[in-house]
1. Tell me what the chain gives for mean residue ellipticity at 222 nm when only DSSP H runs of n ≥ 4 count, each as -39,500 (n - 2.57), the sum divided by the residue total, rounded to 500 deg cm²/dmol.
2. With each pseudo-label sitting 7 Å past Cα toward Cβ, what's the SER188-ASP333 distance in nm, one decimal?
3. Positive end of the charge dipole of the stretch 111-345 (Lys, Arg +1 and Asp, Glu -1 on Cβ, about the Cα centre): tell me which of VAL321, THR201, ASN332 has its Cα farthest that way.
4. Could you pull out every one of the lysines with an alpha carbon less than 24 Å from that of LYS311, ignoring same-chain neighbours closer than 8 positions?
5. Provide the packing ranking of 261-270, 10-19, i.e. peptides ordered by the mean count of other C-beta atoms within 10 Å per residue, highest first.
6. Starting with the fewest neighbours, write out GLU85, GLU103 ranked by other beta-carbon atoms found within 10 Å of each beta-carbon.
7. Within straight cross-link reach of LYS241, meaning Cα distance under 17 Å, which aspartates and glutamates are found once same-chain residues fewer than 8 apart are removed?
8. What is the local net charge at GLU118, summed over the other residues whose Cβ is closer than 11 Å to its Cβ (Lys, Arg +1; Asp, Glu -1)?
Amino acid sequence: MDLLERLDEARDTALEAVSKAASLAELASVETAVLGKDSDIGAVRRSMGSIDPDLRPRVGAKLNEVTKAVTALLEERRAELERQEAEERLQAERVDMTLPAVEYPLGVLHVLQQTIDEITDIFTSIGYAVADGPEAELAWYNFDALNTPPTHPARFESDTMYLDYGDPADEMLLRTQTSPVQVRWMESHEPPVYIIAPGKTYRTDAIDATHLPVFHQIEGLAVDEDITFADLKGTLHYFAKEFFGPGTKIRLRPHFFPFTEPSAELDVSCFNCDGGEPDCRVCKGAGWLEMLGCGMVDPAVFAAAGYDPEKVTGFAFGIGVERPAMVRYGINDIRNFTDNDLRFLHQFPS
Ligand code: DAH
């Protein structure tokens with residue numbers, strides 16, 4: 001009974017090989033080796049046609065039994081290895097939740113941006129919109145439309161950073177003030193206008209403790225019917241109280257700006273000593289702090305922007321950002337703003 005014995009042996013070898021297979025890949029090759037064409041079992045299967053017909057039913061039955069047994073163990077082992085390999089993968093990919101997290105240092109908004117945001121909030125909360133304009137500006141918007149004739153000293157090449165100087169039609173520069181946004185806005189919007197326009201401005205100032213060639217301003221413009229100087233005063237007093245504190249007083253000193261008439265400079269009472277200390281570190285005993293320029297919009301500006309000066313009136317103001325921030329926080333050198341020294345910047349958590 002050679003064939004039957006051979007099958008018994010083949011089964012035993014196959015079962016042993018299957019149970020020893022240590023991975024799914026190994027199991028796959030064991031399967032071919034023990035059940036495939038060239039295996040012992042495969043050889044018996046192939047010879048079925050040529051064996052003695054009397055023996056065939058017994059050999060056939062045995063072949064089936066052996067194949068089933070081997071297949072059954074193969075399936076069982078495969079399931080086991082799949083479980084095992086999945087488990088190993090899970091272990092390998094496990095995240096240890098008890099490990100300390102990677103710490104990313106948190107930045108803060110730059111103190112100037114914080115100041116701009118704060119001033120912007122004060123005005124948007126009373127209905128002002130925020131406007132924007134190009135930093136590379138046409139001389140026409142920066143000067144002519146603002147009633148500043150070609151003979152004005154600010155227009156000299158030495159005072160302004162020109163991108164294109166000479167031919168009046170193409171003169172282009174880095175804006176010296178945010179005031180050109182007034183004209184751009186009026187050109188493209190009907191009155192009433194209530195806007196502020198924060199942004200960068202440029203002048204040829206040499207760098208020292210109080211000057212940088214790039215600095216920030218916040219422009220304000222209100223145009224409506226029957227706007228008076230009292231509106232200007234009330235609005236700016238409101239702003240001063242919001243920014244420096246409820247007890248803040250203001251005073252307006254006559255001044256000159258080409259694009260406003262009348263014009264004034266606005267001082268606020270010293271938030272540190274309220275005018276009471278001769279050697280106050282903030283106001284140096286003056287009692288007042290210079291804050292901004294302002295005035296009633298000159299009719300020539302309305303005309304340049306396409307508004308009818310007979311129908312509307314308005315006021316404008318321009319707030320420097322660096323100086324009030326320095327005064328408020330006791331910063332004595334404007335260069336601190338641009339040095340990018342974290343020891344400075346982190347003193348103003350946002
Ligand atoms: N543009 C002026 C400057 O840079 C500031 C200013 C003054 C703006 C009076 C105004 C204003 O809108 O009415 O010095």
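1. Computed mean residue ellipticity for the chain: -12500 deg cm²/dmol.
2. Once both label points are built, they end up 4.1 nm from each other.
3. Checking the options against the dipole of the stretch 111-345, the answer is ASN332.
4. LYS233
5. 261-270, 10-19
6. GLU103, GLU85
7. By straight Cα distance, LYS241 reaches ASP117, GLU118, ASP121, ASP231, GLU265, ASP267, ASP274, GLU290.
8. Net of charged neighbours comes to -2.
All of the numbers you see were taken from the coordinates with simple rules; none came from a lab. All figures in this text were calculated on a predicted structure; none of them were measured in a lab. Every residue, glycine among them, receives a Cβ derived from its backbone with ideal geometry; neighbour counts consider all protein chains shown.
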